[in-house]
Amino acid sequence: MKISYAYLTLFGALVLASACNQQKAGPTVSGDDIKSNLAVLANDSMMGRKPFTEGETKTIKYLSDQFKKYGLEPGNNGSYFQEVPMVEITSTPSAMQISGKTKATFNSSTDFVALTRREVDTVSLKNSPLVFVGYGVVAPEFKWNDYAGLDVKGKTVVVLVNDPGFKSGEKIFHGDTMTYYGRWTYKYEEAARQGAAGVLIVHQTEPASYPWQVVNTSNTGAKLELTQADKHMNRCKVEGWITEDAAKKLFEPAGITGDFRALARKQGFKAIPLNSNISLSLQNKLKYSKSNNVIAMLKGSATPDEYVIYSAHWDHLGIGKPDAKGDSIYNGAIDNGTGSAALLAIAKTFANSGEKPKRSIVFLAVTAEEQGLLGSEYYATHPIFPVNKTVANLNMDALAANGETKDISVTGKGQNDLEDELATLTNPAGLTLVGDDLPGAGHYYRSDHFNFAKVGVPALDIHTGIDSKLHGPEWGKAKNKEYTALHYHQPSDNYSPDMDMSGMVQTADILYRLGLKLADETTWPGWKAGSEFKAVREKSMGAK
């Protein structure tokens, strides 16, 4: 049975409106608006929306033109753009030569990927000793230090992805829920703090939450970084990943066999020298330029100097390696054409509501999320609107095309008060708030809300759940798994006119109502006890 998008949108609106007696019904987010925006943003003509390309020029023009058409003000002192200075580094690695106890040659893309953040023409590791450092974690609050008593200067550390709690069956760290210590970005940061020359993360699909193909696609070709005064010389010379098979070839001669995750999570684990050396060089091409965040606002009627910020990243991977069907354009329809399309649809809903909210609403489309959350990092560290005047960040990233669900997934559930505000809208409508269905994937650290959290702003990222209204939870799990395995960061992540938009409407409409609720209140949501971001917020609000 086919049901029109208009009917689905109206039905969802009626359910929410009847349940939310704290607010009048008001307008709802349009599925047709999301669909029409997505059709443009995920079209081949946008060239995969990669920063520094013609695809960026077309994308940010479309976004700013839409904001202007809705009558929203430019968000940055008369401009819809915030320039983000970056450097594009295209690294070409040599083969990886292993000498010593292990003798092997590893090939780029097949066995490893390697990059550098250093803004120089060439970097090289020459006979750098290899050391297995477990999970590569220094976490005082968990009484954990994989680098204890270890000097890794000049050495290359080999570390595992995720953190010791994942699938441990023990009460260590947060169990199967990833902490930031499990994120690959942290592994690189900590290795640099320890003075290592290089760092290699061992890829395993389950703890990484994505296959090797995703690692390979995301870490080859041109990569972007925010520019730094020291040209990133504070980072390791080489940052990269190796396959599990390559890791086994390094580990076995050093006596590391079997389940090396279990070995590394044992209390008192000590780093193990691999008695082998690595030699590897990277030839780099550097290009300096500026990308753009796109920002618009609806000024509040009562307290315009307090802000609720909606965000979504507009970028994807551009044009790259062709897939089996010969498609080389990474359109990123779901990731994150959907979030950008929903951001525009929510902005239009606010603009057409006929009544301004009391607080100001900001609509922020950020660049270079796929390159390491760079656009949101730049905004968070160079905020246009003061952090201690920012009430909340509501983020949208990769909304599923699987239809409406009976549950709503809160990424990082248990972090802050925004989920309690959200519950006042969803519970009366019979929608269950659940945590991330893959807590070990560390999704709270994988999108732009994380950079707001790092500076203390309560940040929420929600998705359609997995309990499909039509097909049930197992079907929903299977569809999410299928997307990750076959389409995530692949050219096949394409727009289709037949996509089911109803779940996107459900999610976007809830976020619209949550933002409206926050904007019309005088309260300030905070972080829950135990959150790593609570102290940062309290410090910034003390300066308010």
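The values are calculated or read from the model by the stated rules, or taken from the named source; none is laboratory data. Just so you know, these numbers come straight off a predicted model, no measurement behind them. Cβ placement follows ideal geometry from the backbone for every residue including glycine, while neighbour counts extend to all protein chains displayed.
The set of residues from the range 384-400 being more than 17 Å from the chain's Cα centre (by Cα), in contact (Cβ under 8 Å) with a residue 24 or more places away in the chain and not in a helix (DSSP H, G or I) comprises I384, F385, T390, V391, A392. Only one of the numbered conditions (1) without any contact (Cβ under 8 Å) to a residue 60 or more places away in the chain; (2) crowded, with 20+ Cβ neighbours inside 10 Å is not met by L200, and that is (1). Here P253 meets the list (1) over 28 Å from G165 (Cβ atoms); (2) in the same structural domain as E421 (by TED's automatic domain parsing); (3) in contact (Cβ under 8 Å) with a residue 60 or more places away in the chain; (4) part of a helix (DSSP H, G or I) almost entirely, failing just condition (2). Is the range 510-523 home to any residue that is touching a residue at least 24 places away in the same chain (Cβ under 8 Å), in the same structural domain as D315 (by TED's automatic domain parsing) and closer than 19 Å to A39 by Cα? No, the conditions are met nowhere in the range 510-523. Looking across the range 222-250 at every residue that is part of a loop (DSSP other than H, G, I, E, B) and not polar (S, T, N, Q), the one that is modelled with the lowest pLDDT is identified as A229. Of all residues being in a loop (DSSP other than H, G, I, E, B) and among the basic types (K, R) in the range 108-151, which is nearest to D230 (Cα to Cα)? Just the residue, please. Out of the qualifying residues, it is R118. Scanning the range 45-64 finds no residues that are crowded, with 24+ Cβ neighbours inside 10 Å, in contact (Cβ under 8 Å) with a residue 40 or more places away in the chain and in a strand (DSSP E or B). Restricted to helices (runs of 4 or more DSSP H) entirely inside the range 472-544, those with at least 1 residues that are farther than 18 Å from K454 by Cβ and of a type outside the set (S, T, Y) are 473-486, 502-519. Taking the numbered list (1) without any contact (Cβ under 8 Å) to a residue 60 or more places away in the chain; (2) of a type outside the set (A, V, I, L, M, F, W, C); (3) part of a helix (DSSP H, G or I) in turn, S376 passes all entries but (1).
Between Y135, Y80, Y70, Y62, the distinction of being of a type in the set (S, T, Y) and in the same structural domain as W241 (by TED's automatic domain parsing) belongs to Y135 only.
Only one residue in T464, T484, T405 is over 30 Å from S360 (Cβ atoms), assigned by TED's automatic domain parsing to the domain that holds N37, at pLDDT below 95 and among the hydroxyl-bearing types (S, T, Y), so which one is that? Selected residue: T484, the only one of T464, T484, T405 that is over 30 Å from S360 (Cβ atoms), assigned by TED's automatic domain parsing to the domain that holds N37, at pLDDT below 95 and among the hydroxyl-bearing types (S, T, Y).
Picking from residues in the range 169-192 that are assigned to a loop (DSSP other than H, G, I, E, B) and either acidic (D, E) or modelled with pLDDT of 95 or more (or both), the one that is nearest to the chain's Cα centre (by Cα) is D176.
For T205, the conditions (1) crowded, with 18+ Cβ neighbours inside 10 Å; (2) under 19 Å from the mean Cα position of the chain (by Cα) are fulfilled apart from (1).
Of the residues examined, S353 is not one that is modelled with pLDDT of 95 or more and of a type in the set (S, T, Y).
Residues that are out of contact with any Lys or Arg (no Cβ under 9 Å at 6 or more places or on another chain) and among the aliphatic types (A, V, I, L, M) occur at least once in the range 266-274.
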